[in-house]
1. Give the residues of segment 84-107 that are in a loop (DSSP other than H, G, I, E, B), crowded, with 21+ Cβ neighbours inside 10 Å and in contact (Cβ under 8 Å) with a residue 24 or more places away in the chain, sorted by residue number.
2. Given segment 243-322, what helices (runs of 4 or more DSSP H) lie entirely inside it while holding 2 or more residues that are over 18 Å from GLY137 (Cβ atoms) and either modelled with pLDDT of 95 or more or touching a His at 6+ places or on another chain (Cβ under 9 Å) (or both)?
3. State which residue is nearest to the ligand (Cβ to nearest atom) when the search covers only segment 5-34 and only residues that are among the hydrophobic types (A, V, I, L, M, F, W, C) and within 20 Å of the chain's Cα centre (by Cα).
4. Being more than 17 Å from the chain's Cα centre (by Cα), part of a helix (DSSP H, G or I) and modelled with pLDDT of 95 or more narrows it down to one of PHE124, PHE130, so name that one.
5. Could you tell me whether any residue of segment 25-38 is touching a residue at least 12 places away in the same chain (Cβ under 8 Å) and among the aromatic types (Phe, Trp, Tyr)?
6. How many residues, within segment 31-54, are touching an Asp or Glu at 6+ places or on another chain (Cβ under 8 Å), crowded, with 17+ Cβ neighbours inside 10 Å and not basic (Lys, Arg)?
7. Which of (1) surrounded by fewer than 22 Cβ atoms within 10 Å (Cβ to Cβ); (2) out of contact with any helix residue (DSSP H, G or I) (no Cβ under 6 Å at 6 or more places or on another chain) is the odd one out, the single condition ASP146 does not satisfy?
Amino acid sequence: MGSKITGFGAYLPPEALTNSQLEGLVDTNDEWIVQRTGIRERRIAQGEGTAALALRAARCALADAGREPESLDLIITATVTPDCFTPSTACMVQAGLGARRAAAFDISAACSGFVYALDLADSFIQTGKFRTILILGAETLSRIVDYTDRSTCILFGDGAGAAVVEASEEDGVLGTYLWADGAGGGVLRAQALPQDENPLGSRAAWTITDRAVSMAGGEVLRFSLSEAPRAIDAVLSRAGLTIGDIDWIVPHQANRRIISGIIRRYHLPEQKVYVNIDRFGNTSSATIPICLAEMRERGLLQTGQRVLLVGFGGGLTAAAAIIRI
Ligand code: COA
């Protein structure tokens with residue numbers, strides 16, 4: 001039994017935070033941000049949490065697939081910014097949709113999370129355990145970003161993307177590759193709970209800076225520039241394909257320089273690589289499904305095309321998949 005993606009959906013909150021607005025918050029400027037990252041603006045959720053964004057993206061993906069919520073067997077949400085430790089974001093989406101038959105859980109694999117979720121969905125379908133699975137990448141990173149730290153606050157945004165993966169006679173997932181390097185994880189961190197050296201003593205006030213994203217940007221950049229190609233090579237080899245067989249590359253939108261590095265490395269025509277980082281920044285697990293939903297809406301995805309997805313980031317993690325539309 002193969003699996004195929006039958007629907008894509010995305011939701012971006014309407015409020016944009018532009019580079020010039022950031023100039024009012026930290027010592028930065030539009031030219032520096034555009035040159036170093038390719039980002040011009042990002043979206044910030046106002047009064048909506050991760051589950052609310054995810055639910056809107058889920059509804060779009062179900063509509064695109066022509067499926068009712070009751071047809072779902074499983075919901076998997078990839079997120080590093082859940083609203084609660086429990087219930088999971090996936091359970092909140094299940095309740096919001098009324099997907100009464102579905103099991104639901106979250107996974108944490110940062111910017112590789114959507115590709116991890118796709119691999120899980122494909123594996124579940126191959127075992128025959130489930131037939132119709134909703135996968136999501138959803139984040140409200142603005143809640144864990146320190147808007148006094150110019151090296152991180154310029155990068156991240158909020159958003160959600162979703163896809164419906166179904167059992168199919170056609171093979172729609174041609175190969176996957178998942179990888180992690182936990183030993184390197186310290187270069188990109190966000191604390192979940194206070195690090196309390198004396199649990200019985202008085203607890204210090206817990207502020208945004210305690211849980212804010214902290215990042216050694218140069219290290220993460222180097223990791224991404226070496227691991228993204230490694231993931232691409234591995235998934236091509238597993239699928240028995242070459243880069244010339246791929247119609248579209250959808251890379252995680254972390255930094256335009258990383259995407260340009262991939263383009264140079266494989267001598268790719270620019271028009272084969274989907275980029276929207278200028279408008280949405282880095283939405284972690286949501287970037288890849290947001291790209292796919294936009295491509296679907298713009299009529300860029302044609303039946304039979306092969307699309308290579310590659311994610312990399314916190315954990316550290318890297319992942320790639322090749323899908324057939
Ligand atoms: N505006 C202006 N100057 C800034 C700045 C900003 N927003 N942020 C940093 N700088 C300064 C630094 O302080 C440094 O100044 P100095 O030379 O006086 O010390 C200078 O710019 C260069 O900083 P550096 O960190 O070397 O820049 P960089 O070229 O590595 O770019 C990032 C910084 C964060 C854009 C880049 O490292 C990056 O994108 N890394 C990967 C991040 C990522 O993908 N994270 C998510 C993982 S999925």
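1. Result: ALA99, ALA102.
2. 256-265
3. LEU17
4. Testing whether each residue is more than 17 Å from the chain's Cα centre (by Cα), part of a helix (DSSP H, G or I) and modelled with pLDDT of 95 or more leaves just PHE124.
5. Checked against the condition, which is being touching a residue at least 12 places away in the same chain (Cβ under 8 Å) and among the aromatic types (Phe, Trp, Tyr), segment 25-38 yields no hits at all.
6. Total meeting the criteria: 9.
7. (2)
For (1) part of a loop (DSSP other than H, G, I, E, B); (2) over 20 Å from HIS252 (Cβ atoms); (3) within 16 Å of the ligand (Cβ to nearest atom), each residue gets a yes or a no:
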site	(1), (2), (3)
SER3	no, yes, no
ARG36	no, no, yes
LEU53	no, no, no
GLU70	no, yes, no
ILE75	no, yes, no
PRO82	yes, no, no
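The values are calculated or read from the model by the stated rules, or taken from the named source; none is laboratory data. Note that the structure is a prediction, hence the values are computed from the model and not measured. All Cβ positions, even for glycine, are placed from backbone atoms using ideal geometry, and neighbour counts span all protein chains on display.
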